[in-house]
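K.L.:
Pasting in a structure now, in structure tokens, and then I'll have a few things to ask.
The values are calculated or read from the model by the stated rules, or taken from the named source; none is laboratory data. Note that this is a predicted model, so its numbers are computed, not measured. When we count neighbours, we look across all protein chains shown, and the Cβ atoms used for this are built from the backbone with ideal geometry, even at glycine. Only protein heavy atoms, including side chains, enter the accessible area calculation; ligands, DNA and RNA are left aside. Shrake-Rupley method; radii C 1.70, N 1.55, O 1.52, S 1.80 Å.
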Amino acid sequence: MGIDNIIFILIAVGAVLLFSKNIKTIARNINLGKDIDLSDNKAERWKKMLMVAVGQSKMVKKPVSGILHIVVYIGFVIINIEVLEIVIDGIFGTHRFFASFLGPFYNVLIFSFEWLALGVLLACVIFLIRRNVLKINRFGLKEMLGWPKTDANIILIAEILLMGAFLTMNASDYLLQGLNADHYIQAGAFPVSGTLVAPLIDGMSINSLIIVERATWWFHIIGIFAFLNYLPYSKHFHILLAFPNVYFSKLRPKGQFSNMESVQKEVAMMFDPEADPYAAPAEPVGEPERFGVKDVTDLSWKNLMDAYSCTECGRCTQQCPANITGKLLSPRKIMMDTRDRLEEVGKNIDTHGKDYTDGKSLLGDYISEEELWACTTCNACVEACPVGIDPLSIIVDMRRSLIMEDSKAPSELTSMLSNIENNGAPWQFATNDRLNWRDEN
Amino acid sequence: MKDSIIMSNNGMKVNTMAKMMAKGETADVLFWVGCAGSFDDRAKKITRAFVKILNHVGINFAVLGTEESCTGDPAKRAGNEFLFQMQAMGNIQVLNGYEVKKIVTTCPHCFNTLKNEYPSLGGEYEVMHHTQFLQQLINEGKLTVEGGVFKGKKITFHDPCYLGRANDVYEAPRALVEKLDAELVEMKRCKSKGLCCGAGGAQMFKEAEPGNKEINVERTEEAIETKADIVAVGCPFCMTMMTDGVKTKNKEEDLKVFDLSELIAQANDL
């Protein structure tokens, strides 16, 4: 084992340790949410996950970005087989380890990796053009200014560099194989790098080619380790969470909102003729429960997982009737705010301990009442999301807090609610007139 | 005719659950009229059109009349879960008291609430939207639609959010348009991508937040683009929003707004 193998092992172990530490923090943050039981309907959940996450069924509703995304997605999944080989080579100092026992099939693999790498590279270039030159509207909305835009560009440029390095590595290897260089066994098929990249470096000496091959090999694998550790800080984390997030997404009809159990008990008591109105209230057990959602810790863990799964594509906002007509509400911003606030709460716990409060909350400091009241609860955002995110449930839970905790609502809504209370209709009409339609024309 | 049936001034036969129970009779289906259908002048016409069809087919139905109360939908969407559950429990007591098994309603909001949100509170019924009910009557051969009136007309259908996306009912209303012998033209955003009229989530009862356009105008423009003669709706709130939108665009002459039950009643000259 040479010194380079030891360096490789140290980098790999360091990268994995750092990554798992960050994953643990994210899992801890998600678990700050309220518990809900989503262990039901396993078969249906698997089916939905296969369709929507693995099969990308919602992505292709926008054919251009959908198909380009599938190229990158398949490229990512398949090229990871190559990464496995690179890791083995890195640890043991072998070269193209899989070639030794895969035989001709190895050539088929490399052949397909080459084409996929080119596909990923081109798709990412087109994505960059869409974001920065064509300036597709959904990528330029208010909430995307600053870091979110940079984040997206970093990801795309990183992928282009990684694929570029991969193809250059293959090209130099191809040339070295042609020159019968030691250690560079005859293995692989290089339809892309052999034609596109090799001519650029052809004619270099064996030693120079080895330097190119080694440099791109190291750049590629260190790049992958760096990218892995970038994920937890980025919207790109969706590549991991998309799958569980779709699995745990809502299976009920979209129009069915949760019936709050805490309210159910009180209402049942009011309808119970046996209930003693003068009875002393039962001893409260633990902290009194808050109605609705004020801060991220009032949300369910699924809402919080939604926030970490969001890749800020903006399909939700693009479909939102309120946003289309210029209102402040953007379902994507609701998810980005939720994640930002959750990260803040997480950091507070890390620095100040579990019981620290910073006096801020998701509702108010991040999401305004105006945004919440603009929602028509039409479910367009939920329908549009390719990874099973439900921004609507957060919006409604926050309205619950505004109404039931703070008695805050637009005045017309307050009158509507008191009409229902007084005469069983949202308008001020007498119950006795309910059948008048029968005798009118 | 059974003597317990009340003839209204305009020749409709509409029974209440209370009257039927007093006579020891039961209705096959309860027609849940809803608040808009009971009080809003435009929506009341939808209610009457649907009743005329029910009478025409001879459906043994009844309404709750003064015993009906808001399902609680707008309260729930506005965030007042307490008021919603109070309404729900009250309604469930009434419905269960009459041993109601099957409900049909012309309002997708009532439909969604009764169908999806009442069961876990103790109210389990078979709930249908009136477009589903009408499609079933047609499929069973109980209702035939005379196509003549609408032959050659273009009709576009505006999906109500609480029927379409909320409950995945897209085909029943479209099947009705086809029965009218009219040409069904789709708006750019339709079915699961349909654009809301702007009234859902208790927006019906308040001014919109500041923006650069009203949602109903955006939707109406899309309907106008189809060059349809009629925009068919299946919801009393969509009816209000689309009618207002057409007025705003001064297109009252070119684009009429009707509920599907009204179109069927017109086709059959009821």
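K.L.:
Checking understanding here: applying a Kyte-Doolittle mean of at least -0.5 and a length along the axis of at least 15 Å (C-alpha), which whole DSSP H helices in chain B pass?
P.N.:
Helices meeting the span and hydropathy rule in chain B are B:41-57, B:81-97, B:236-248.
K.L.:
Counting every Cα pair in segment A:108-237, what percent are over 18 Å apart?
P.N.:
Counting pairs separated by more than 18 Å, the tail of P(r) holds 60 percent.
K.L.:
For segment B:1-156, what class follows from the C-alpha gyration tensor (a ≥ b ≥ c being the square roots of its eigenvalues): rounded when a/c is under 1.5, otherwise prolate if a/b is larger than b/c, else oblate?
P.N.:
Note, shape of segment B:1-156 comes out oblate.
K.L.:
When Rg is the radius of gyration of the Cα atoms in segment B:89-145 and Rh is its Kirkwood radius, what does Rg/Rh come to?
P.N.:
Reported Rg/Rh (Cα atoms, Kirkwood Rh): 1.06.
K.L.:
On C-alpha positions alone, give me the angle between the axis of helix A:391-400 and the longest principal axis of chain A, in degrees, nearest 10.
P.N.:
That helix lies at roughly 30 degrees to the long axis.
K.L.:
Roughly how big is the protein assembly as shown's charge dipole about its Cα centre, with Cβ charges of +1 (Lys, Arg) and -1 (Asp, Glu), in debye to the nearest 20?
P.N.:
Dipole size: approximately 1400 debye.
K.L.:
Work out from phi, with θ = phi - 60° and the Karplus expression 6.51 cos²θ - 1.76 cosθ + 1.60, the ³J(HN,Hα) of each residue of segment B:15-25, listed in order in whole Hz, and give x for Gly and Pro.
P.N.:
With the stated coefficients, segment B:15-25 comes to 9, 9, 4, 4, 4, 5, 5, 4, 8, x, 10 Hz.
K.L.:
Rank-order A:290-296, B:118-124 by packing density, defined as the average count of other C-beta atoms within 10 Å over each peptide's residues, highest first.
P.N.:
A:290-296, B:118-124
K.L.:
Assigning unit charges at the beta carbon (Lys, Arg +1; Asp, Glu -1) and nothing else, what dipole magnitude in debye, to the nearest 20, does chain B show about its Cα centre?
P.N.:
180
K.L.:
Enumerate the calculated ³J(HN,Hα) couplings along segment B:72-77 in order (Karplus 6.51 cos²θ - 1.76 cosθ + 1.60, θ = phi - 60°), each rounded to whole Hz, writing x wherever the residue is Gly or Pro.
P.N.:
Rounded to whole hertz, the list is x, 3, x, 5, 5, 5.
K.L.:
Under a GNM of chain A (C-alpha, springs under 10 Å), which listed residue has the highest mean-square fluctuation: A:Pro426, A:Pro273, A:Pro410?
P.N.:
Of A:Pro426, A:Pro273, A:Pro410, the Gaussian network model singles out A:Pro273 as fluctuating most.
K.L.:
Would you mind getting the Kirkwood hydrodynamic radius of segment B:179-270 from its Cα pairs, rounded to one decimal in Å?
P.N.:
It works out to 13.9 Å.
K.L.:
Moving on to the next point. Would you please calculate the Kirkwood hydrodynamic radius of the protein assembly as shown over all C-alpha pairs and express it in Å, rounded to one decimal?
P.N.:
28.9
K.L.:
Ignoring ligands, DNA and RNA, please state the percent of accessible area on chain B from carbon and sulfur, probe 1.4 Å.
P.N.:
In chain B, the share of accessible area belonging to carbon and sulfur is 46 percent.
K.L.:
Considering the convex hull of the alpha carbon atoms of segment A:1-117, report its projected area averaged over all viewing directions, in nm², one decimal.
P.N.:
11.2
K.L.:
Ok, one more. Specify which residue in the list A:Asn419, A:Trp437, A:Gly66 is farthest towards the positive end of the charge dipole of chain A, using unit charges on the beta carbon of Lys, Arg (+1) and Asp, Glu (-1), about the Cα centre.
P.N.:
A:Gly66
K.L.:
What do you get for the angle between helix A:238-247 and the principal long axis of chain A? Use alpha-carbon atoms, 0 to 90 degrees, nearest ten.
P.N.:
50
K.L.:
For A:Leu50 paired with A:Glu143, estimate the spin-label separation in nm (one decimal), with each label point 7 Å from Cα along the Cα-to-Cβ line.
P.N.:
3.3
K.L.:
Placing +1 on the Cβ of each Lys and Arg and -1 on the Cβ of each Asp and Glu in the protein assembly as shown, which of A:Met335, A:Ala117, B:Gly198 has its Cα farthest towards the positive end of the resulting dipole?
P.N.:
The residue sitting most towards the positive pole is A:Ala117.
K.L.:
Now a separate question. Using Cα pairs closer than 8 Å and at least 6 residues apart in sequence, work out the relative contact order for segment B:17-136, in percent.
P.N.:
Reported as a whole number, the value is 28 percent.
K.L.:
Given that compact globular proteins tend to follow 2.2 N^0.38 Å, what is the ratio of the alpha-carbon Rg of segment A:137-187 to that value?
P.N.:
Cα-based Rg divided by the globular estimate yields 1.95.
K.L.:
How high is the FRET efficiency between A:Leu84 and A:Ala27 when r is their beta carbon distance and R₀ equals 22 Å, given to the nearest 0.05?
P.N.:
Between A:Leu84 and A:Ala27 the formula returns 0.35.
K.L.:
Taking a ≥ b ≥ c as the square roots of the eigenvalues of the Cα gyration tensor of segment A:249-371, is the shape rounded (a/c under 1.5), prolate (a/b larger than b/c) or oblate?
P.N.:
Oblate, because a/c is 1.5 or more while a/b does not exceed b/c.
K.L.:
Answer rounded, prolate or oblate for segment A:160-248, using the Cα gyration tensor with square roots of eigenvalues a ≥ b ≥ c: rounded when a/c is under 1.5, else prolate when a/b is larger than b/c, else oblate.
P.N.:
It comes out prolate by the Cα gyration axes.
K.L.:
With a cut-off of 19 Å, note down the residues of segment B:178-209 whose backbone N falls inside the zone around a label point 7 Å from the Cα of A:Ser368 toward its beta carbon.
P.N.:
Label zone hits: B:207-209.
K.L.:
If you don't mind, another one. Counting pairs of Cα atoms in segment A:32-82, how many percent are more than 14 Å apart?
P.N.:
The share of Cα pairs beyond 14 Å in segment A:32-82 comes to 66 percent.
K.L.:
If you don't mind, another one. Just for the Cα atoms in chain B, what are the lengths along the principal axes, largest first, rounded to whole Å?
P.N.:
If we take the Cα atoms of chain B, the spans are 54, 46, 31 Å.
K.L.:
Compute the separation of the alpha-carbon centres of segment B:205-270 and segment A:236-259 and state it in Å as a whole number.
P.N.:
Segment B:205-270 and segment A:236-259 have Cα centres spaced 34 Å from each other.
K.L.:
Measure nothing fancy, just the Cα-based angle from helix A:147-178's long axis to the longest principal axis of chain A, in degrees from 0 to 90, nearest 10.
P.N.:
With both axes taken from Cα atoms, the answer is about 20 degrees.
K.L.:
Something else about it: Could you tell me the calculated FRET efficiency between B:Glu207 and A:Glu421, based on Cβ-Cβ distance and R0 = 22 angstrom, to the nearest 0.05?
P.N.:
It comes out at approximately 0.55.
K.L.:
Let me know the charge dipole size of segment B:144-267 about its Cα centre in debye, to the nearest 20, where only the beta-carbon of Lys, Arg (+1) and Asp, Glu (-1) is charged.
P.N.:
Dipole about the Cα centre, nearest 20: 200 debye.
K.L.:
What are the residues whose amide H is under 5 Å from the amide H of B:Lys102, where those residues sit 5 or more places off or on another chain and H is modelled from the backbone?
P.N.:
It is B:Leu30, B:Glu126, by chain and number.
K.L.:
Please give the contour-minus-distance gain from A:Thr431 to A:Thr94: 0.36 nm per residue of separation, less the Cα-Cα distance, rounded to one decimal in nm.
P.N.:
Length gained, A:Thr431 through A:Thr94: 112.9 nm.
K.L.:
Cross-link candidates for A:Lys360: which aspartates and glutamates have Cα within less than 17 Å, leaving aside residues fewer than 8 places away along the same chain?
P.N.:
Candidates past the 8-residue exclusion: A:Asp295, A:Asp298, A:Asp337, A:Asp340, A:Glu343, A:Glu344, A:Asp350, A:Glu369, A:Glu405, A:Asp406.
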